[in-house]
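A short reminder: the numbers here are calculations on the coordinates, not readings from a lab. Keep in mind it's a predicted model, so treat the numbers as computed, not measured.
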Amino acid sequence: MVKNYEAFFKFSLVLMLLAFFISNFADIALLEFAKGFSTALLMVSAFFKIRKESANKTNSY
């Protein structure tokens, strides 16, 4: 399980941007998969990041 969701979120964001940047120069089916996978990874990491932040808010009171 991922312990540091902020770093995981940044990693998935960079991975997504890199896949979209490279796909502008090359049209390979693997890049289409990489774009879809990195976008899904970004959404999952954002979900867990938001969930963790909301849990921290409720525990801070």
What 222 nm value per residue comes from the helices of the chain, counting each DSSP H run with n ≥ 4 as -39,500 (n - 2.57) and dividing by all residues, nearest 500 deg cm²/dmol? -29000 deg cm²/dmol
Can you give me the angle between helix 5-23 and the longest principal axis of the chain, using Cα atoms only, in degrees from 0 to 90, rounded to the nearest 10? 20
